[in-house]
Amino acid sequence: MKALNTVKFTFPSRSVNEAFARSAVAAFAAQADPTLDELADIRTAVSEAVTNCIVHAYPDTIGTVSVTAAFCEGGVLRVVVADKGVGIEDVAEAMQPMYTTGGPERAGLGFAVMESFMDTVRVRSVPGRGTRVTMTKRLGGR
């Protein structure tokens, strides 16, 4: 998928930056004149992906989260949220609803939420090296 326009930003894995990340991606997506529902879907998925980085990738420290958003041919928005944290030992297991390593206060629904709001969600992870979540959504049926 060829990118027609791209934005990339990084920030420390502090919970106060989650709102910035979802708002920045939504603002970037606005150039395609998406519906309010599409914007809400994007904001929710980005929020979940960034929150996963903050909570799970860097459990005892502050690290860097990277977000790249790109408009691709065919009206597809691609969003990549990546970290260089602890990584995921078993991605298939981690993507199961209700699975969490975050303790009893976490629902374990992050990946399920991302999958319900985006057209595709791909997760690549290497233990000790980080995780990369790539999500796509076709906007406005374009």
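The values are calculated or read from the model by the stated rules, or taken from the named source; none is laboratory data. Being a predicted model, the structure only gives us computed values, none of them experimental. Note that we place each Cβ from the backbone using ideal geometry, even for glycine, and neighbour counts take in every protein chain shown.
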Can you find even one residue in segment 49-64 that is in a strand (DSSP E or B) and modelled with pLDDT of 95 or more? yes
Assess whether residue 37 counts as being of a type in the set (Asp, Glu), out of contact with any helix residue (DSSP H, G or I) (no Cβ under 8 Å at 6 or more places or on another chain) and at pLDDT 90 or above. yes
Looking at residue 4 and the list (1) touching a Cys at 6+ places or on another chain (Cβ under 7 Å); (2) assigned to a helix (DSSP H, G or I); (3) not acidic (Asp, Glu), which single condition is not satisfied? (2)
Pairs please, first residue from segment 79-98 and within 17 Å of residue 115 (Cα to Cα) and in a loop (DSSP other than H, G, I, E, B), second anywhere and modelled with pLDDT under 90 and charged (D, E, K, R), Cβ atoms under 9 Å, 6+ apart in sequence or on different chains. 95/115
From 41, 37, grab the single residue that is among the charged types (D, E, K, R) and out of contact with any strand residue (DSSP E or B) (no Cβ under 8 Å at 6 or more places or on another chain). 37
Filter segment 1-23 for residues that are farther than 17 Å from residue 118 by Cα and of a type in the set (A, V, I, L, M); which is surrounded by the fewest Cβ atoms within 10 Å (Cβ to Cβ)? 16
